[in-house]
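Worksheet: the structure to be examined is printed underneath.
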């Protein structure tokens, strides 16, 4: 039996926040994302937030990094509010 190779995973903790622009969504800043993923463009990822799985697209933040937008269902699933810290694990989705 051949083992399935593991994808490199970016792990970090970060607070939930609202973006600087007026908006109703919640975001998490993704530290060192450009270095880790090798691009400043959008990146499709799979991951977990506080153990809850999700699939999303990292969006460029305009300053060389990325942010992850959380919908209300995921935010409610982890039971966190703006300012609360979440544990995030991300891996680039296979192309």
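Per DSSP H run of n ≥ 4, the term is -39500 (n - 2.57); total these for the chain, divide by its residue number, and report the mean residue ellipticity at 222 nm rounded to 500 deg cm²/dmol. Intermediate values should be presented prior to the final figure.
On the way: 2 runs with 12 residues, N = 95.
Rounded to the nearest 500, the figure is -3000 deg cm²/dmol.
Just want to confirm a number: the relative contact order over the range 10-92, from Cα pairs under 8 angstrom separated by 6+ residues, in percent. Don't jump to the answer; show the numbers that get you there.
Working: 161 pairs, mean separation 34.8, N = 83.
RCO, the range 10-92: 42 percent.
The gain in end-to-end length when the residue 6 to residue 52 segment is fully stretched comes to 14.7 nm, 0.36 nm per residue minus the alpha carbon separation. Between the labelled values [x] 15.6, 45; [y] 13.5, 52; [z] 11.9, 34, the entry that holds Rg and Dmax of the Cα atoms in Å as derived from this structure is [y].
Every number in this text was worked out from the coordinates using simple rules, so none of it is lab data. Bear in mind that the values here come from a model prediction, so they are computed numbers and not experimental data.
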